[in-house]
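Written below as structure tokens is the structure these notes are about.
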Amino acid sequence: MKTAFFRSLFLLSFFYSLVSSSAFGGTKPVVFFDDFSDNKNQWAVENSEGATFEFKNGLYYFAHNQYERSWHAFKTINIDQHRDFEIETSIVKASGINDNGYGLIWGRQDGVNQFEFQVTGDGYVRIKKYVNNVAYDFVNWTKTPAVRAGNGSTNKLKLEKNGLFFHFYVNDIHVHTMPFEPFMGNAIGYTIYGYQQIAVDYLKISQSRPDDLAPAIGAARRTRVFSDEFNDNFNDWSLQSSDRATLAMRNGFYEFRHLQENGWWSVFKEIHMDWNRNFEIETGILKTSGVQNNGYGLVWGSMDGDNQFEFQIASNGYFKIKKRQSGLEIDILPWTTSGAINQGIGASNRLNIVKKDYNIRFYINDAEVFSTVFEPFMGDRLGYLLYQNQGVAVDFLRVSYLEDSMPRDPAEAFFAGDQSNYGKGTRPAYGVSAPEPVVAPPAPAVSFAFKRLALVIGNYEYIHGGSLKNPANDARAMQGALESLGFAVLRHENCDQKEMKMAIDYFGRKLDGHDVGLFFYAGHGVQVGGANYLIPVDARLELEKDVEYDCVRADRVLAKMEAAGTDTSIVILDACRDNPFERSWRRSGKGGGLAFMNAPSGSLIAYATSPGQTAADGAGTNGIYTGALLEHIKTPGISILQMFQRVRSDVMNRTGDRQVPWESTSLRGDFFFK
């Protein structure tokens, strides 16, 4: 494959204090920008029989003058893959044949190892990678209305890394989501296939700040509980040297080597914490030697080796979260790959565990990799574990209370310093004198009579059905409202069919032991043959019969709730919007919203409008139905039925009686949100 080549490394040309919004409300400074008004960044310039690369009229022109192969132009631009980032460009299709691709390349090592995000002049999109010149499609050629077709058309391409996932957009319309894959190299640029001409308007790259943790912890005020920088062994960690393991304190690290062919080794401290409060556990670990695919990491909430929680990573890029209970190993999250992990011998990784109200979140190098419902500690031990044939060195360990959502502690005058609750006996964690530690009473927390768990899904960027305005805001606002009412909330957005089913099944498993379960869905829904289906963002639905195979039945959620045995199950479906997929179906009558479902014993099902009717998406920040729900759900002293009566009255008033919310219920007693 012939390649247009350049000589210099990346020259930073434009650095803003301006920021761009991510899909989740974050901000990222722009770290590279080129408007191609000149060639200050030394892109390839060429005029040959095969191709032309030139700058004119504020555009970077590419002309592929042959029918075969592809041409590339690129620069080495260093991006920290462990942080979130966006790559955005605007490309004009100037002329030439319409069924060949053009677009972005990224993560390029060379011409046979790179990623490509292409569109065509006849409206198709493709996402693929080359590994040793073998092509692997993430998305094979797929026609989408997001692509503006024809010569003279302009298309904006954007790819966004957010946490564990890559999101792809054409003209701000979401076209695909996939797990993030680490770069093969650091080159970013453009590709153009057979006999066509394009012109690039700009290239912009944004990168989250290195100190930007998730909002759950970023603004919190920390009260240090325990800290060790391992400059000495003041905290009496285990030290030993045997044919099984070595543990030593050297050069500011706590070195830990497992010398056997099987099993695992652990070391820990008794660090007494009030786990009803919000907290953060943070550590840095260096991989020093050994095999790549064995785990190492944090142990917390441990009573003994048979009863504890574990957060492990492996130096081949995988992580795992599990618990041991009475000797039984239970995967909270099985081995999962993550681009956030620094891989190989000599790599250092920072792990954070953050308890925020009713959820616990896990971070690797500032990237959130998983969140789930918080489970109480089994014991007070905190430390490390290491599986066979490898060595690690621990850089630091810090434990803090996060005070952003807690009332001020009466004893906080003492605990505000770094020599607080020392974690062992009466000696401080630092080598300074201090009075006998004051045992502070637990900070009062909001108390709820029942354990409550909610699953919230908002689908709004439909690849084949356009976008909806409000489900994103609806899902996020409902999460905030429910958390303030004592719910632990699992929230997902823009789920494909596989992701929806996995989220619902996980929700069903986590419901065990909860008194109240709630499912909220905002997005497209449809009834076919009297059954209700929730529509994932990747559904095509060219035919009515496709619904059964491409969508998720709404009663899947009810079945999971019923199997979990929750006393109160609540399902809220703001999913009755006019369905764009139905317009091409041949059916005797319009589907018109969702069908009536019988509520199993102890449950309530709420619809945004009456059975068979459609609801408005709404012109405001939230949908009309969800907006009314948010206004009344926090009202104290009213039952759930009274609350929905108020919602119905508001929606009918706002729509001139065109939209009438509906409920089906078999609740066995009164339920109060507040």
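Let's see how each residue does on (1) on the phi > 0 side of the Ramachandran plot; (2) open to solvent by less than 40 Å² (accessible area, probe 1.4 Å); (3) at pLDDT 90 or above:
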residue: Val267; (1), (2), (3): no, yes, yes
residue: Thr283; (1), (2), (3): no, yes, yes
residue: Gly305; (1), (2), (3): no, yes, no
residue: Asp331; (1), (2), (3): no, no, no
**Study point:** Residue list for the range 454-489, filter: open to solvent by 40 Å² or more (accessible area, probe 1.4 Å), more than 14 Å from Phe673 (Cβ to Cβ), more than 17 Å from the chain's Cα centre (by Cα) and at pLDDT 85 or above
**Key:** none
Check your understanding: Looking only at the range 307-318, which residues are assigned to a strand (DSSP E or B) and open to solvent by less than 30 Å² (accessible area, probe 1.4 Å)?
Key -> Asn307, Gln308, Phe309, Glu310, Phe311, Gln312, Ile313, Ala314
Review point. Residues of the range 641-658 being of a type in the set (Val, Ile, Thr) and farther than 21 Å from Arg476 by Cα, which ones?
Key: Thr655
Revision key, fill the gap. Among (1) farther than 27 Å from Pro145 by Cβ; (2) open to solvent by less than 30 Å² (accessible area, probe 1.4 Å), Lys451 falls short only on (2)
Check your understanding: When residues of the range 516-546 are filtered for being surrounded by 15 or more Cβ atoms within 10 Å (Cβ to Cβ) and assigned to a loop (DSSP other than H, G, I, E, B), how many remain?
Key -> 8
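If you check Asp80 against the conditions, is it more than 26 Å from the chain's Cα centre (by Cα) and surrounded by fewer than 20 Cβ atoms within 10 Å (Cβ to Cβ)?
No, not satisfied.
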Practice item. Mind listing whichever residues of the range 31-57 are open to solvent by 10 Å² or more (accessible area, probe 1.4 Å) and on the phi > 0 side of the Ramachandran plot? Key: Gln42, Asn57
Practice item. Output the residues belonging to the range 83-103 that are open to solvent by less than 10 Å² (accessible area, probe 1.4 Å), within 25 Å of the chain's Cα centre (by Cα) and under 16 Å from Asp35 (Cα atoms). Key: Ile87, Thr89
**Study point:** Filtered residues of the range 553-571 (kept if closer than 15 Å to Met597 by Cα and either assigned to a strand (DSSP E or B) or of a type in the set (Lys, Arg) (or both))
**Key:** Arg553, Arg556, Ser569, Ile570, Val571
Point to revise | So Ala73, is it surrounded by 21 or more Cβ atoms within 10 Å (Cβ to Cβ) and at pLDDT below 90 | key: yes
Study note, to complete from the structure: Residue pairs within 8 Å by beta carbon, gap of at least six or interchain, first lying in the range 292-311 and without any contact (Cβ under 8 Å) to a residue 24 or more places away in the chain, second open to solvent by 30 Å² or more (accessible area, probe 1.4 Å), listed first then second, are Asp306/Gln325; Asp306/Ser326; Asp306/Gly327
Practice item. Please go through the range 235-245 and pick out each residue that is surrounded by fewer than 16 Cβ atoms within 10 Å (Cβ to Cβ) and in contact (Cβ under 8 Å) with a residue 40 or more places away in the chain. Key: Asp236
Check your understanding: over 23 Å from Lys204 (Cα atoms) and either hydroxyl-bearing (Ser, Thr, Tyr) or over 27 Å from the mean Cα position of the chain (by Cα) (or both), is that true of Asn140?
Key -> no
Check your understanding: Of all the strands (runs of 3 or more DSSP E) wholly in the range 67-177, which have at least 2 residues that are without any contact (Cβ under 8 Å) to a residue 12 or more places away in the chain and under 15 Å from Ala199 (Cα atoms)?
Key -> none
Review point. Within 25 Å of Glu483 (Cα to Cα), assigned to a strand (DSSP E or B) and in contact with a Phe, Trp or Tyr (Cβ under 9 Å, 6 or more places away or on another chain), is that true of Ile321?
Key: yes
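Any residue in the range 171-180 that is closer than 24 Å to Leu468 by Cβ, buried (at least 20 other Cβ atoms within 10 Å of the Cβ) and touching a Gly at 6+ places or on another chain (Cβ under 6 Å)? Please lay out each step first, then the result.
Taking the range 171-180 and keeping what is closer than 24 Å to Leu468 by Cβ, we get 171-178.
From the residues that got through so far, the ones that are buried (at least 20 other Cβ atoms within 10 Å of the Cβ) too are 174-177.
Now drop any that are not touching a Gly at 6+ places or on another chain (Cβ under 6 Å), which leaves none.
No, every residue in the range 171-180 fails to be closer than 24 Å to Leu468 by Cβ, buried (at least 20 other Cβ atoms within 10 Å of the Cβ) and touching a Gly at 6+ places or on another chain (Cβ under 6 Å).
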Check your understanding: Residue check, Gly301 against (1) assigned to a strand (DSSP E or B); (2) modelled with pLDDT of 90 or more; (3) surrounded by fewer than 20 Cβ atoms within 10 Å (Cβ to Cβ), all met but one. Which one?
Key -> (3)
Practice item. Can you tell me which residue within the range 337-349, out of those that are surrounded by fewer than 20 Cβ atoms within 10 Å (Cβ to Cβ) and either under 18 Å from the mean Cα position of the chain (by Cα) or of a type in the set (Val, Ile, Thr) (or both), is farthest from Phe309 (Cα to Cα)? Key: Ile345
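The values are calculated or read from the model by the stated rules, or taken from the named source; none is laboratory data. Since the structure is predicted, the reported quantities are computational estimates derived from the model, not experimental observations. Reconstructed Cβ throughout: ideal geometry from the backbone, glycine too, with neighbour counts over all protein chains shown. In case anyone asks, the SASA skips ligands and DNA or RNA and just uses the protein heavy atoms, side chains included. Shrake-Rupley method; radii C 1.70, N 1.55, O 1.52, S 1.80 Å.
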